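The block underneath contains the structure these notes are about, expressed in structure tokens.
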Amino acid sequence: RHEPFFLAAGFNLPHVPWDVPQWAYNLYPADTIEAFAPPLDDLDDEPAIAVQRATQQGPSGLSQYQLVEAADKAADYTRAYLAAMSHSDEMVGQLLGALAASPHATNTDIVLWFDHGYHLGEKFSWRKLTLW
């Protein structure tokens, strides 16, 4: 049929718990990953509310950034995030490859949007939900 149709595809593996296939981890050998160390003044250009959010302490008395650092997980989390991004890139590539091989390749509009913004230590943050 030649009638228009809508197809949506979602990829949720870039999100915690970063449970991605081993091949994606293999792209980033653990001994090659260096955790980002933010400069001490990394929050100086942010409004007070952003600084408060980044440095907010949980029940442990530590901020999320301090918890990750104390657990020595920064490099592991960075590696997992990179693997998740590579996996997502591969999945988008497979989808685009299938479209290119289909009869709809020349009459299909593609709209991609991503939920970017997971911080890997920048501005003393190990999460999303910021606007910097």
- Item | residue 91, sole failed condition from (1) in contact with a Phe, Trp or Tyr (Cβ under 6 Å, 6 or more places away or on another chain); (2) hydrophobic (A, V, I, L, M, F, W, C); (3) farther than 30 Å from residue 38 by Cα; (4) in a loop (DSSP other than H, G, I, E, B) | (4)
- How many residues does the stretch 44-58 contain that are open to solvent by less than 100 Å² (accessible area, probe 1.4 Å) and not small (Gly, Ala, Ser)? 5
- Note on the structure: Selection over the stretch 94-117 where residues are over 15 Å from the mean Cα position of the chain (by Cα) and either of a type in the set (S, T, N, Q) or in a loop (DSSP other than H, G, I, E, B) (or both) yields a count of 13
- If you check residue 120 against the conditions, is it open to solvent by 80 Å² or more (accessible area, probe 1.4 Å), in a loop (DSSP other than H, G, I, E, B), more than 18 Å from residue 8 (Cα to Cα) and not aromatic (Phe, Trp, Tyr)? no
- Kindly indicate whether any position in the stretch 96-111 is hydroxyl-bearing (Ser, Thr, Tyr), more than 17 Å from residue 24 (Cβ to Cβ), open to solvent by 40 Å² or more (accessible area, probe 1.4 Å) and at pLDDT below 90. yes
- Item | Answer residue from the stretch 27-40, given it is free of Cβ contacts under 8 Å to residues at least 40 places away in the same chain and open to solvent by 90 Å² or more (accessible area, probe 1.4 Å) and is farthest from residue 90 (Cα to Cα) among those | 40
- Query: Exactly one of (1) over 19 Å from residue 20 (Cβ atoms); (2) aliphatic (A, V, I, L, M); (3) at pLDDT 95 or above is unmet by residue 75. Its number?
  - Reply: (1)
- Item | Qualifying positions in the stretch 2-18 - on the phi < 0 side of the Ramachandran plot and either surrounded by 12 or more Cβ atoms within 10 Å (Cβ to Cβ) or basic (Lys, Arg) (or both) | 11, 13, 14, 15, 16
- Only one of (1) among the β-branched types (Val, Ile, Thr); (2) surrounded by fewer than 17 Cβ atoms within 10 Å (Cβ to Cβ); (3) touching a Leu at 6+ places or on another chain (Cβ under 7 Å) is not met by residue 78, so which one is it? (2)
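The values are calculated or read from the model by the stated rules, or taken from the named source; none is laboratory data. Since we're looking at a predicted model, the values are computed, not measured. Glycine also receives a Cβ, built like all others from the backbone with ideal geometry; neighbour counts cover every protein chain displayed. Note: areas computed on protein heavy atoms with side chains; ligands, DNA, RNA excluded. Shrake-Rupley method; radii C 1.70, N 1.55, O 1.52, S 1.80 Å.
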